[in-house]
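Here's the structure we're looking at; comments come further down.
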Amino acid sequence: MKKIAIYGQYLQEDSLATIASVLTQLQLRDCDVYIEQDYVKLIDNQINLNATKTFASLDTSYDLMISIGGDGTILRAVSYIGKLNIPVMGINTGRLGFLATLQSEELELAFDLLFSKKYRLSKLRLLKR
């Protein structure tokens with residue numbers, strides 16, 4: 001996994017440490033990180049982004065999307081993916097997480113497992129009515 005997209009909707013008090021931790025973990029693994037352009041505007045003055053690249057849409061060259069927030073953030077993140085079949089890793093910084101089940105305290109272990117390919121994908125589908 002080399003090309004990673006990051007998406008978030010809101011900047012919550014405790015999410016800055018989570019974002020910094022995610023960026024650190026990805027930098028340690030020499031990943032090519034792209035942050036959604038509106039999310040960059042929210043976090044740019046709060047955290048050092050080191051000339052981070054941005055995205056407005058995704059294509060099949062992305063290996064993973066990381067959603068930082070809650071379940072609503074994951075559902076919105078999926079709109080960028082469409083039919084591209086890019087997996088989403090949801091990091092919960094909200095109150096409750098049914099879809100965003102990964103907690104901030106688990107990030108280092110989660111990235112170790114992710115990059116050593118010791119994970120399982122769950123297929124979820126959103127259907128149009």
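The values are calculated or read from the model by the stated rules, or taken from the named source; none is laboratory data. Nothing here was measured: the structure is a model prediction, and the numbers come from that model. Ideal geometry is used to build each Cβ from the backbone, glycine not excepted, and the neighbour counts take in all protein chains shown. All accessible areas refer to the heavy atoms of the entire protein, side chains included, with ligands and DNA or RNA removed. Shrake-Rupley method; radii C 1.70, N 1.55, O 1.52, S 1.80 Å.
Residues of the range 1-108: accessible area per residue at 1.4 Å, in Å²? Could the numbers behind the result be given before it?
Details: 5800 Å² over 108 residues.
Roughly 54 Å² per residue, with all protein chains present.
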Work out how much length Lys3 to Glu105 would gain on full extension: take 0.36 nm times their residue separation and subtract the Cα-Cα distance, in nm to one decimal.
34.4 nm
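Find the relative contact order for the chain and round it to a whole percent, using C-alpha pairs within less than 8 Å whose residues are 6+ positions apart.
26
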Estimated FRET transfer efficiency when R0 is 25 angstrom, pair Lys118-Asp30 (beta carbons, to 0.05):
0.85
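If the chain between Asp44 and Arg76 were fully stretched, how many nm would it gain, using 0.36 nm times the residue separation less the Cα-Cα distance?
That works out to 9.4 nm of additional length.
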List the lysines whose alpha-carbon lies under 22 Å from that of Lys117, not counting same-chain residues fewer than 8 positions away?
Lys2, Lys3
Mean separation of Cα contacts under 8 Å (6+ apart) over length of the range 74-114, as relative contact order %
30
For the chain, which whole-number percentage of the solvent-accessible area (1.4 Å probe, protein heavy atoms only) is attributable to carbon and sulfur atoms?
49
Checked the chain against the a/c 1.5 cut and the a/b vs b/c comparison, axes a ≥ b ≥ c from its Cα gyration tensor; verdict rounded
